[in-house]
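The values are calculated or read from the model by the stated rules, or taken from the named source; none is laboratory data. Keep in mind the model is a prediction, meaning the values are calculated, not measured. Note that each Cβ is placed from the backbone with ideal geometry, even for glycine, and that neighbours are counted across all protein chains shown. Note: areas computed on protein heavy atoms with side chains; ligands, DNA, RNA excluded. Shrake-Rupley method; radii C 1.70, N 1.55, O 1.52, S 1.80 Å.
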Amino acid sequence: MALTAHEDLVVTRATLEDWPVICGWAADEGWNPGLSDGPAFFAQDPDGFFLGRIDGEPVSAISVVNHGPDYAFLGCYLVRPDLRGRGHGLTTWKTALAHAEDRTIGLDGVVAQQDNYRQSGFEAAYRTVRFTGPAPAARPPADVRPVGP
């Protein structure tokens, strides 16, 4: 399954070998994917990750992981910063949404994209608050001991 869009964007299924690219882009956005997230989600739905490529180079990504017959979760919606605003994300998005078929789709969306999510039929179910920055140093209580071998 491959879909071609503007500028010769080709969207195909991603593999676990593509996870470092997706995870790296997410980290560049300040997201914190878990070290085992890729293998866990690929084990759940090996067909649930998608990459858009131009001339073989990854430019966009998204996951729509099916968690059973009624539910899917969308995540990792990313476009390389230097190629944003050209429709690559939307083409990748539409390709991946088809993978969910008629399942209910959940997502944890970034605030800046909420209007776009609404245009695709999504509704907010709750408010997400994100905090960033260094955690202040804290002294453990006297009765707490470090874990050792």
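Between W31 and Y126, the modelled label-to-label distance comes to 1.8 nm, taking each label 7 Å out from Cα in the direction of the beta carbon. Give the range of the longest stretch in the chain that excludes all trypsin sites (Lys or Arg not before Pro) found in loop regions by DSSP and having at most 11 other beta-carbon atoms within 10 Å. Longest run free of exposed loop sites: 1-126.
Given the DSSP H assignment, sum -39500 (n - 2.57) over each helix run of at least 4 residues in the chain and divide by its residue total; what's the result at 222 nm in deg cm²/dmol, nearest 500? Only helices count here, giving -6500 deg cm²/dmol.
Just the number, please: carbon plus sulfur as a percent of the accessible area of segment 4-84, 1.4 Å probe, no ligands or DNA/RNA counted.
Ligands and nucleic acids excluded, carbon and sulfur give 55 percent.
Computed extension gain for D70 through A137, at 0.36 nm per residue and net of the alpha carbon distance, reaches 19.7 nm. Across the alpha-carbon atoms of the chain, the computed radius of gyration and Dmax are 18.0, 62 angstrom. Taking amide hydrogens as placed 1.01 Å from N in the peptide plane, the amide H of H67 sits under 5 Å from those of A72, F73, each at least 5 positions away in sequence or on another chain. Coordinate range of the alpha-carbon atoms in segment 7-69 per principal axis, descending: 34, 30, 17 Å. Could you give the angle, 0 to 90 degrees to the nearest 10, between helix 88-97's Cα long axis and the longest principal axis of the Cα atoms of the chain? Long axis of 88-97 versus the principal axis of the chain: about 90 degrees.
Using R0 = 22 Å, the C-beta based FRET efficiency linking Q114 and L90 works out to 0.90. Counting only protein heavy atoms and a 1.4 Å probe, the chain has 66 square angstrom of accessible area per residue.
Around the Cα centre of the chain, unit charges on the Cβ atoms of Lys, Arg, Asp and Glu (plus for the first two, minus for the last two) sum to a dipole of about 500 debye. Among the chymotrypsin sites (Phe, Trp or Tyr not before Pro) within segment 59-149, those in coil by DSSP and having at most 12 neighbouring Cβ atoms inside 10 Å are Y126, F131.
Between the residues A96, G121, G109, the greatest Cα displacement towards the positive end of the dipole of the chain, with unit charges on the Cβ of Lys, Arg, Asp and Glu, is found for G109.
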